[in-house]
Amino acid sequence: MSIDPQATQLNDVIRQANPAVERMLSARGRAIFFPKLGVLAQSAEAAGKDINATIGIALEDDGGPVALPSISSSLNLPAGDAFPYAPSPGRPDIRKLWREMLIKKNPGLAGRSFGHPVVTAALTHGLSMAGYLFCEPGDTVILPDLYWENYDLIFNNAYGASLRTFPTYTDAGGFDVDALKSAMSGPVGKKVVLLNFPNNPSGYTPTVAEAQAIVEALTAEAARGSAMVVLIDDAYFGLVFEDGVIGESIFVALCDAHPNLLAVKIDGATKEDYVWGFRVGFLTFGVKGGTTALYDALEAKAGGAIRGNISNTSNPAQSILVRSWKSGEYDAEKKQKFELLAKRYRTVRDILATHPEYAARFVALPFNSGYFMCVRPLHVDAEALRQKLLADYSTGTINFGGILRIAFSATPTAKLPTLFENLYKAAGELAV
């Protein structure tokens, strides 16, 4: 693969700032760059000129964007905030505001080394762009065995990396840090680890002690000489319903844990702000000793990958979110929706506690956060149980390799008791 001089320049900046980070890049990651020459540079030079015939959009004679009234009438936005392209790395205002919000939601980030978020088309695209930069055939992504199935498509099918899983839980029901250590064992080299808390599908977030042990294990592998890329899928960040569980992202402890460990936070408004269809997410880099030049270079590469992939993320969606975050109602609205999900979580806990007979038909896996919880059926096939629930009980669940995922986030609170009663009855009928 030929390397453009602009990519070579970025690689040199990264190598000079942190040689380990340069080794983490895939062939695509080394070759990508955000073009500062050509169309973008020439358009920038023409900005503010009396006649600017460089932009690939249509403008009215008064200089505003051409817009169909039947579309613009549905938007409570100025035309300039809706119809033109957004920059490939994202609007400057949303990038600045999201970084400020990261520190507000994670006070431990104050004073730590991390870059400016790059806007992606939500979490899936953010994960894909991380795969673009850091994963290629021959690489292995290490992750718990309870994981979102889309990781297969993103990292294996798209970029050729293999997935190596380790048991999510110990026999006692905690996060299996020793299994993580074992999965990372072997020769020193480039290693990619993927963490997702609260976890999809399990709904589990590590305790404070477990999170500390995870950070220590990853840092020890970096200190041993491995170039560690730690991808942090924070899709469900903030939805923690128990004390003693980490309330901040594990990115806080990892973003400046070691010079050989690059933490990549993938998050967004999708679940945090309940805007699943907006498709706005963020990619943020952090490494111990990270410099402005290093982060600028990584963000330029991410911006180049986005430009070559989807050009840019939705401008109206970014504009609406900025308006919401700056409103005086945002915090109270977020608290109200959090309490709705927390109530459903507590309802599930109460149902399981007051129905000990359910333990004869299924076992609830540890859960404390997020959208989901999982049960392991006893003495019956999970797929057969899922099908019976659909056919005879008008109840839908998801089968993940022998366990059933239950989205209490999507189940009206009043229907949760019926859901578990249906599960119990259907399992009993199949076991006969």
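The values are calculated or read from the model by the stated rules, or taken from the named source; none is laboratory data. Bear in mind that the values here come from a model prediction, so they are computed numbers and not experimental data. When we count neighbours, we look across all protein chains shown, and the Cβ atoms used for this are built from the backbone with ideal geometry, even at glycine. To get the accessible areas, we keep the full protein, side chains included, count just its heavy atoms, and leave off ligands, DNA and RNA. Shrake-Rupley method; radii C 1.70, N 1.55, O 1.52, S 1.80 Å.
Things worth noting here:
- Springs join every pair of Cα atoms under 10 Å in this Gaussian network model of the chain, and among Ile51, Ile250, Ile214 the largest mean-square fluctuation is at Ile51.
- Given 16 as the ceiling on other Cβ atoms within 10 Å, longest exposed-site-free region of the chain for chymotrypsin sites (Phe, Trp or Tyr not before Pro) in DSSP loops: 86-273
- Near-label residues of region 194-218 by backbone N, under 18 Å of a point 7 Å along Cα→Cβ of Lys105: 195-200, 203-206
- Restricting the GluC sites (Glu not before Pro) of region 53-150 to loop positions (DSSP other than H, G, I, E, B) with no more than 14 neighbouring Cβ atoms within 10 Å leaves Glu60, Glu149.
- Qualifying trypsin sites (Lys or Arg not before Pro) for region 25-69 [loop in DSSP, other Cβ within 10 Å: at most 11]: Lys49
- The chain: antiparallel DSSP beta bridges as a percent of all, rounded to 5: 55
- The fraction of accessible area contributed by carbon and sulfur in the chain is 54 percent, rounded to a whole number (1.4 Å probe; ligands and nucleic acids excluded).
- On a per residue basis, the chain carries 43 Å² of accessible surface, using protein heavy atoms and a 1.4 Å probe.
- Computed on the chain, with alpha-carbon pairs under 8 angstrom and 6+ residues apart, the relative contact order is 19 percent.
- Reach of Lys271 by Cα under 18 Å, taken over lysines that are not fewer than 8 positions away in the same chain: Lys104, Lys105, Lys334, Lys335, Lys337, Lys343
- Site pair Glu60 and Asn76 shows an inter-label distance of 2.1 nm when each label is modelled 7 Å from Cα along Cα→Cβ.
- Eligible aspartates and glutamates near Lys49 by straight Cα distance, threshold 18 Å, same-chain separation 8 or greater: Glu60, Asp61, Asp62
- Highest-MSF residue in the chain out of Asp256, Asp178, Asp350 [GNM, Cα springs under 10 Å]: Asp350
- Degrees separating the helix 92-105 axis from the principal Cα axis of the chain, which is the longest one: 40
- Between 0 and 90°, nearest 10: helix 5-17 axis offset from the chain longest Cα axis: 60
- The relative contact order of region 1-137, computed from alpha carbon pairs under 8 Å that lie at least 6 residues apart in sequence, is 26 percent.
- Theoretical ellipticity at 222 nm over the chain - DSSP helices of four or more residues, -39500 (n - 2.57) apiece, nearest 500: -12500 deg cm²/dmol
- Cα-based convex hull volume of the chain per residue, rounded to whole Å³: 166
- Over region 237-284, relative contact order from alpha-carbon pairs under 8 Å, at least 6 apart, %: 28
- Our coupling estimate for region 106-116, obtained by passing each phi through the Karplus curve with A = 6.51, B = -1.76, C = 1.60 and θ = phi - 60°, is 10, x, x, 6, 4, x, 8, 8, 7, x, 9 Hz, Gly and Pro reported as x.
- Pairwise label distance in nanometres, Arg376 with Gln336, each label 7 Å out on the Cα-Cβ vector: 4.1
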